[in-house]
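For reference, the structure discussed in these notes is given below.
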Amino acid sequence: MPLIIVRNDITKMAVDAIVNAAKPSLLGGGGVDGAIHAAAGPELLSECATLGGCETGGARITGAYRLPCKYVIHTVGPVWRGGLFGERRLLASCYRSSLELAKERGCETVAFPLISAGVYGYPKDKAMRVAVDTVSAFLLENDMTVYLVVYGSQSLQLGRKLFPHVQEYIDDHYVEQHPTGSNRREDRWDAMSFSVSESLSIPAMRPKESRKQDHAPAPDQLAGSTTVALDSIFRELDESFQQMLLRKIDERGMTDAQCYKKANVDRKLFSKIRKDVNYKPSKPTAIAFAIALELDLPETESLLRKAGFALSPSSKFDVIIRYFIEHRNYDIFRINEVLFYYDQSLLGV
Ligand code: APR
């Protein structure tokens with residue numbers, strides 16, 4: 001999974017490079033800067049003193065000394081002054097310059113804190129958005145695994161305020177698991193998904209250009225095409241997860257790389273799936289491909305069933321996924337931001 005949001009102390013991350021939110025002098029400070037220098041030892045400060053400082057939005061690279069990583073990349077974020085002084089551009093430049101430096105040194109794994117989101121006052125949700133947008137754009141063109149390290153638990157509450165529509169949807173659709181009996185709403189949801197996925201009135205396999213997933217076929221079309229519809233149902237029943245995935249990639253006119261990058265899945269995993277017709281992915285990976293292919297709910301459920309999974313109202317993760325599919329929002333990085341704030345697994349490998 002190329003972009004992963006984790007809750008951790010960045011000084012503990014055993015990656016190729018960690019990024020420090022430094023001050024222009026690069027001579028240490030508080031916050032993550034202070035934590036990194038404390039963990040690396042005095043040699044880090046001595047090397048930083050030879051660099052002659054760094055401009056806002058720029059980045060410099062040093063050794064890591066006593067830290068469990070190979071390099072420290074020091075970048076200087078913008079101070080938040082209300083958002084009208086180029087802060088977003090400068091913050092994006094911090095991530096881009098740091099990633100370019102990491103790439104030059106052949107780093108495969110990099111960990112970032114939320115730059116400027118502490119002492120420099122950048123609103124955490126906006127800082128996260130800039131980080132996710134900039135890093136995901138870089139990862140469309142480059143193979144690297146990037147961790148966004150969120151520190152402490154305070155940002156969890158922030159999340160719930162951030163996504164009121166998602167919270168509303170969860171309140172309406174999430175069903176606590178009841179040990180005895182089932183909740184009326186859960187029956188309704190199961191019944192609904194049963195009727196959608198088991199219905200025999202699946203439109204016949206009309207030619208690609210005219211196929212409309214959302215429109216039920218007119219009665220005359222249905223009568224004449226029932227045999228064709230049944231053939232396609234039986235063919236789909238035989239299809240493995242991998243076969244349906246590859247068929248959908250072709251139908252969407254996508255390349256493999258476009259699909260797995262949009263699914264936030266790394267190349268190695270995708271080649272494993274391509275080589276094994278019976279490959280069974282994890283649920284987050286199966287859903288990540290449904291999102292990358294922009295499948296509607298019935299197709300998502302069909303793909304999930306082939307991996308042995310189903311969407312359930314008693315899983316907050318599933319309810320959040322259903323929200324995004326029903327609202328046709330297939331931005332996997334936005335979805336992962338929300339999943340992270342609700343302490344759920346992220347989409348991708
Ligand atoms: N691991 C990961 N993230 C951390 C850690 C840590 N050990 N410590 C703090 N953070 C997080 C904060 O919660 C915040 O979200 O790093 C983010 C950036 O906060 P700051 O460290 O305050 O950095 P910034 O806002 O960019 O301000 C930089 O502060 O410490 C001084 O010398 C530094 O002058 C510079 C300024």
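The equivalent ellipsoid of region 30-173 has semi-axes of 28, 17, 16 Å, largest first, where each one is the square root of 5 times an eigenvalue of the Cα gyration tensor.
Taken one residue at a time, the phi angles of region 302-314 give Karplus couplings (6.51, -1.76, 1.60, θ = phi - 60°) of 5, 5, 5, 4, 5, 9, x, 10, 8, 8, 10, x, 9 Hz. Gly and Pro are set to x. Close amide H partners of Arg7, meaning residues 5 or more places away or on another chain with modelled amide H under 5 Å apart, are Val150.
Using the structure shown, select from Lys261/Lys306; Lys103/Lys272; Lys103/Lys275; Lys283/Lys316 the pairs with a Cα to Cα distance greater than 20 angstrom. Violating the 20 Å Cα-Cα cut-off are Lys261/Lys306; Lys103/Lys272; Lys103/Lys275. A simple rule links phi to the HN-Hα coupling: the Karplus curve 6.51 cos²θ - 1.76 cosθ + 1.60 with θ = phi - 60°, which for region 286-299 gives 4, 5, 4, 6, 4, 5, 4, 7, 6, 6, 7, 5, x, 5 Hz, with x for Gly and Pro. Charges were assigned to the Cβ only: +1 to each Lys and Arg, -1 to each Asp and Glu. The resulting dipole of region 1-139 about its Cα centre is roughly 300 debye.
Sorting the segments 7-18, 305-316 by their residues' average number of neighbouring beta-carbon atoms within 10 angstrom, most packed first, yields 7-18, 305-316.
The 3J(HN,Hα) values that the Karplus relation (6.51, -1.76, 1.60; θ = phi - 60°) gives for region 26-32 are, in residue order, 6, 9, x, x, x, x, 5 Hz. Gly and Pro appear as x. Placing +1 on the Cβ of every Lys and Arg and -1 on the Cβ of every Asp and Glu, with no other charges, gives region 237-349 a dipole of roughly 380 debye about its Cα centre. What net charge do the residues around Lys280 carry, taking every other residue with its C-beta under 13 Å from that of Lys280, with Lys and Arg at +1 and Asp and Glu at -1? Spelling it out: positives minus negatives among the neighbours equals +3.
Summing charges over all other residues whose Cβ lies under 9 Å from the Cβ of Ala22, with Lys and Arg as +1 and Asp and Glu as -1, gives +1.
Throughout, read-outs are computed from the coordinates displayed, never taken from laboratory work. What you see is a predicted model; the values in this text were computed from it and never measured. Note that each Cβ is placed from the backbone with ideal geometry, even for glycine, and that neighbours are counted across all protein chains shown.
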